[in-house]
Every structure is written in structure tokens, then in C-alpha cells.
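The values are calculated or read from the model by the stated rules, or taken from the named source; none is laboratory data. Model, not experiment: these values are computed from the prediction. Here the Cβ is made from the backbone with ideal geometry for all residues, glycine too, and neighbour counts use every protein chain on show. Keep in mind that these areas ignore ligands, DNA and RNA; they rest on the heavy atoms of the full protein, side chains included. Shrake-Rupley method; radii C 1.70, N 1.55, O 1.52, S 1.80 Å.
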Amino acid sequence: AAAPASMLALTLALRTLNCFLVQTSFVPDEYWQSLEVAHRMVFKYPSPAAWSLSVLNIHNYGYLTWEWTSNLRGYSYPLIFASMYKALQLLAKDNVQLLIWVPRLAQAVLAAFADVKLYSLVQHLENSETAKFVFFCQLCSWFTWYSCTRTLTNTMETILTIFALSYYPIKGSKMGNSCKYLALVALAIVIRPTAVIPWMPLVFSHFLQEQRKADLILHNCIPVGLVTVGTSLIIDRVFFGEWVLVQLNFLKFNVLQNLGTFYGSHPWHWYFTQGLPVVLGPHLPFFIHGCVLAPRRFRILLLALIWTLLVYSTLSHKEFRFIYPVLPFCMIFCGYSLRYLKAWKKTAASFLLLSNLVPALYTGLVHQRGTLDVMSHIQQLCHHSQQSQAFVFILMPCHSTPFYSHVHCPLKMRFLQCPPDLTGNASYVDEADVFYSNPLGWLNKEFYNDTLLPSHLILFNVLEQEISSFLALRGYEKTATVFHTHVPQGRVGSHISIYRRKTEMNY
């Protein structure tokens, strides 16, 4: 049974609104694993009109993080955005606002289709009433609102997981299509190799209940695997210039060597005590209630969820977004709970809607917005006659802001680097840590010669006091203050300060 067209139209309108009401940054990967890579793929060199302005950095218009130089990431996902950028370039519409919003809107459209797909799946397996409650829970989820229009690999993994689930042969399903669901799972794994985790129990369960096991492997698994891995290999061969199996490198680095700890570690129980409760938010009691009520055939989804949490718990580096792909599983159970609440149905629905609205709007419009807002200040330097002399140095924890994808002109820019050590050197310290251990000493040493000084410095307000003598001595004046967050932590301040160096030619 297909969902009505009016439902799709409504969902598309809602997710488009969702897209524009999310103006904050979540994690650096949102840009550095997608848009920055795509921008470099398409606009590797500035347009000829900009050459005269930027002889300085004509060859580094764009930046790839260490994961790309170490062959840990594949080009298949950024290629999606690169094709959008290429189309905009060919139409001569590659202005910075379109480069920022077109990928986000594309993600919003996919998210809307996934929402409707989830509705159709439950409607097919159960009935329209249960499906409506699941759909309502999905649209209410604050974390889905916060994440579903972002250009994160986790977002695409979640969307593909919903599509794959709609073709997965759950008992009683007539929509099951081994080839389709396996192809979608394979695509998710190409984009983010960890997508294999939630699907392990599901694929294994399918294998156990399948009568024609040999057919499943020979006619579905092997062809689908060969086509997707082959395509991924060819795409990466084109852009890396050599044969690379990035998915293997990625799993080796993150799982076997567990080098993700470089980015912080959490206790083993974190996903159970903080991760899932926060991501579910006000849905949590309904999820628990729904787990008790849901029919037996949905137990496989609960099993996949618990398995995913357990596997991720063994890795020391933990993040909320890692478990985002299993959030739609939870929504099915939440929908069940609402469906069977007799007298409290309306009250519960109103509670879910209102209690999710506050965190959705706060995280989407307020929390951590400064690092994106500051980019519009940098964009203004592009339209200046002195653009060739401008040099912006972002003195913040590394990858705090996006880069050329949000500026789109060959401005000279620099930020503090923080690649992990891959050589096993025990005394290794990255540039950002060296800087933060003695900011004033580092700046004086780095810019011993006035001719090397950046024209603009961008920093969190927590750093101002410490480097005030450098700023005063070198003639920097504060030109703007941008709000970032109400909960500053460590190196991240509540506001971002923009400093400009006073020279004979002010710009």
C-alpha cells in the first residue's frame, strides 16, 4: 500500500522548513567529509577571473583532511554533492549561498521520502492507524529534526537504512525484496562502513529463515556485493589515482586499531546511560512501553538495536550520531505505544510534540551557531578590492568551522591542524595542542616577522585575555563579536571574536 501523495507533499514541505530551521553546526564531519571534499573536486582551481587576485594559493584552493590523504574515506559520498556543485557551475549559478543550501535541501528531500517510506512499511505490516502513530513519532523526534537535513554520512546511512528496511523480508511482509534491500545496505556500507553493524543480525536472521540459501548467496549477495564494491573501487581509483579499498582501511583504523580514541573516549555504558536516552529524548518512556507491546516479528529490530549499541559500546570513541541509524527502529516501537494508549492518546501526542519542539528549535537555531555565522563575515572579504592581501587565520580547535565550501573564493585561509599520529610516535603532539599549551609564545614564534601576519584573526572569546598583548602590539582591533553557545566548554567560548589588523589600507 502506497502512502497518499498529500502525505508526501506535506512531509516535503515540513522537511524543507526543517532544513531552513537548522542553522547550527553539529560536528566537523558535516563539512569536512562531504562539502569540503566536493568543493575541492569541482573547484580545484579558482576561476581565471580570480587568478590575478590569488597567485598565492592557487594550488591549495580547497583542503583535504588527513583521512583523505591516508585513504580512509571514499569519494562515493562527496561525489553526490560534487555533481550538484558541477551542475551549479555549468549553469553559472555557483554562488556561495546555493553551494551551502542546495546539498542541504537535497538531503531534506531524501529525508522526507524516508519518512513516508517508514509509514508505508508499518501500514503494510500492520495497519494505517499504527502507521500514522509511527509516522507522527518520526516527525516529532527532535534528534531526527536536528540531523536529517545535515550533510553527514550518518544521515545518508539512516535514510538508506529506512529504504532498505522497507524491502527487508520481515515475517508477514509481501514487500520483501532481497535484491533491493541488499543493494541499499551495500550502498550504505560504501558510504559509511559501520552501516554493516545494525544489518548483521538482520541479514543473518534473513539467511536463517530463507529456504533457498544458495540462491540468496549466489543470485543476490554476491552480485550486489561485486557491483557496489566494484563501483566504489572505480570511483576511488579515479580520484585517488590508485586502487584503494577505503572501507577496509576505515574499519582497520576505527575498529581494529581503535585509533578513534584520539578524538576522546567514553565509559563502556555511555550509549545505554546517555547516548540512546538523549537521542530518544521525550520518546524514551514510549519506546520502553512499545518494546513490551510490539508483535514478536518486530523483535528482530529490537535485537538489531541492542546488538548495535553493544558493538559500539566496545569502541572507546562514542558519539550521539553513531546510533542515529537505529533511531527509526525505535520510532516503530514508540508508534506502537501511542497506538495502544487508550485514554491518554491525545495527551501523550501533545506531550511528544511540545516536549520535542523545544530541543529541536534550540539546537537547530541557537546552540553552536557561531561557527557558521562567522563564515558570512569571511565571505565579505571576497568582494573586496584587497582580497589578494587578505589572510584569515582561524585560531580555534581544529575544524571548528567549515572552509572553502562556505566561502567559495580563493581567499588565503589557515586553521590549526590536528591530524592524529599514525606512526606510533609516543611523544607526538598536534599543532592545535602545541598552540593551546602556550598561545602567546606560539603566536610570537610563528609570526616573528610582521610581513607574515594574518589580516584577520578569528577566535573564541576564552582566548582573548591570554593573547591580548599580541593583539595590541601587532595592531589588531576587534571588528565583530558573534554568539556561539550558552554552554561554553574548555577551548570553546560563548562568543567568537573577529579581529582585523589596522594597516594603511583598511579592508
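If you check TYR404 against the conditions, is it open to solvent by less than 20 Å² (accessible area, probe 1.4 Å) and in contact with a Lys or Arg (Cβ under 8 Å, 6 or more places away or on another chain)?
yes
What about GLN211, is it within 21 Å of LEU152 (Cβ to Cβ), open to solvent by 40 Å² or more (accessible area, probe 1.4 Å) and either outside the structural domain of SER337 (by the TED database) or without any contact (Cβ under 8 Å) to a residue 24 or more places away in the chain (or both)? Give the derivation first.
Numbers: within 21 Å of LEU152 (Cβ to Cβ): no; open to solvent by 40 Å² or more (accessible area, probe 1.4 Å): yes; either outside the structural domain of SER337 (by the TED database) or without any contact (Cβ under 8 Å) to a residue 24 or more places away in the chain (or both): yes.
Spelling it out, it is not the case that GLN211 is within 21 Å of LEU152 (Cβ to Cβ), open to solvent by 40 Å² or more (accessible area, probe 1.4 Å) and either outside the structural domain of SER337 (by the TED database) or without any contact (Cβ under 8 Å) to a residue 24 or more places away in the chain (or both).
Whether any residue in segment 240-258 is small (Gly, Ala, Ser) and more than 20 Å from the chain's Cα centre (by Cα) is what I want to check. So that I can check it myself, show each step before the final result.
Step one: list which residues in segment 240-258 are small (Gly, Ala, Ser), which gives 241.
Cutting the leftovers down to more than 20 Å from the chain's Cα centre (by Cα) gives us 241.
Yes, there is a match, as at least one residue in segment 240-258 is small (Gly, Ala, Ser) and more than 20 Å from the chain's Cα centre (by Cα).
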### Task
Starting from segment 124-153, keep only residues that are not assigned by the TED database to the domain that holds HIS283, then list their pairs with residues that are open to solvent by less than 30 Å² (accessible area, probe 1.4 Å) whose Cβ atoms are within a distance under 9 Å, requiring at least 6 positions of separation or different chains.
none
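Here is a yes/no grid of residues against (1) in contact with a strand residue (DSSP E or B) (Cβ under 8 Å, 6 or more places away or on another chain); (2) closer than 20 Å to GLN33 by Cα; (3) surrounded by fewer than 16 Cβ atoms within 10 Å (Cβ to Cβ):
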{"residue": "LEU395", "(1), (2), (3)": "yes, no, no"}
{"residue": "HIS408", "(1), (2), (3)": "no, yes, no"}
{"residue": "LEU411", "(1), (2), (3)": "yes, no, no"}
{"residue": "ASN438", "(1), (2), (3)": "no, no, yes"}
{"residue": "LEU459", "(1), (2), (3)": "yes, no, no"}
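Here are some residues: PHE133, PHE81, PHE143. Which one is buried (at least 24 other Cβ atoms within 10 Å of the Cβ) and under 27 Å from ALA348 (Cβ atoms)?
PHE133
Can you list the helices (runs of 4 or more DSSP H) lying wholly within segment 255-346 that have 3 or more residues being of a type in the set (Gly, Ala, Ser) and open to solvent by less than 30 Å² (accessible area, probe 1.4 Å)? Steps first, answer last, please.
Values: elements: 276-280, 284-293, 299-313, 327-340.
Those helices (runs of 4 or more DSSP H) do not exist here; none qualify.
Condition check ((1) of a type in the set (S, T, N, Q); (2) more than 16 Å from the chain's Cα centre (by Cα); (3) part of a helix (DSSP H, G or I); (4) at pLDDT 95 or above) across all residues:
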{"residue": "ASN71", "(1), (2), (3), (4)": "yes, yes, no, no"}
{"residue": "LEU79", "(1), (2), (3), (4)": "no, no, yes, yes"}
{"residue": "ASP94", "(1), (2), (3), (4)": "no, yes, no, no"}
{"residue": "TRP101", "(1), (2), (3), (4)": "no, no, yes, yes"}
{"residue": "TYR146", "(1), (2), (3), (4)": "no, no, yes, yes"}
{"residue": "THR151", "(1), (2), (3), (4)": "yes, no, no, yes"}
{"residue": "ASN154", "(1), (2), (3), (4)": "yes, no, yes, yes"}
{"residue": "GLU157", "(1), (2), (3), (4)": "no, no, yes, yes"}
{"residue": "ILE162", "(1), (2), (3), (4)": "no, yes, yes, yes"}
### Task
Could you look through segment 172-201, keep only residues that are in a loop (DSSP other than H, G, I, E, B) and touching a Leu at 6+ places or on another chain (Cβ under 7 Å), and pick out the one that is nearest to ILE222 (Cα to Cα)?
SER173
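For segment 439-474, give me each residue that is more than 27 Å from GLN23 (Cα to Cα), part of a loop (DSSP other than H, G, I, E, B), of a type outside the set (Phe, Trp, Tyr) and in contact with a helix residue (DSSP H, G or I) (Cβ under 9 Å, 6 or more places away or on another chain). Break it down stepwise before answering.
Within segment 439-474, the first condition is being more than 27 Å from GLN23 (Cα to Cα), and the residues that meet it are 439-455, 465-474.
Applying the additional criterion that residues be part of a loop (DSSP other than H, G, I, E, B) yields 447-449, 453-455, 465-467, 474.
Right, trim to of a type outside the set (Phe, Trp, Tyr) and you get 449, 453-455, 465-467, 474.
Answer for segment 439-474, where residues must be more than 27 Å from GLN23 (Cα to Cα), part of a loop (DSSP other than H, G, I, E, B), of a type outside the set (Phe, Trp, Tyr) and in contact with a helix residue (DSSP H, G or I) (Cβ under 9 Å, 6 or more places away or on another chain): SER455, GLU466, ILE467, ARG474.
Could you tell me which of the residues ILE170, ILE162 is surrounded by 23 or more Cβ atoms within 10 Å (Cβ to Cβ) and in the same structural domain as ASN220 (by the TED database)? Let's see the steps before the verdict.
Details: ILE170 fails: surrounded by 23 or more Cβ atoms within 10 Å (Cβ to Cβ).
Exactly one of ILE170, ILE162 is surrounded by 23 or more Cβ atoms within 10 Å (Cβ to Cβ) and in the same structural domain as ASN220 (by the TED database), namely ILE162.
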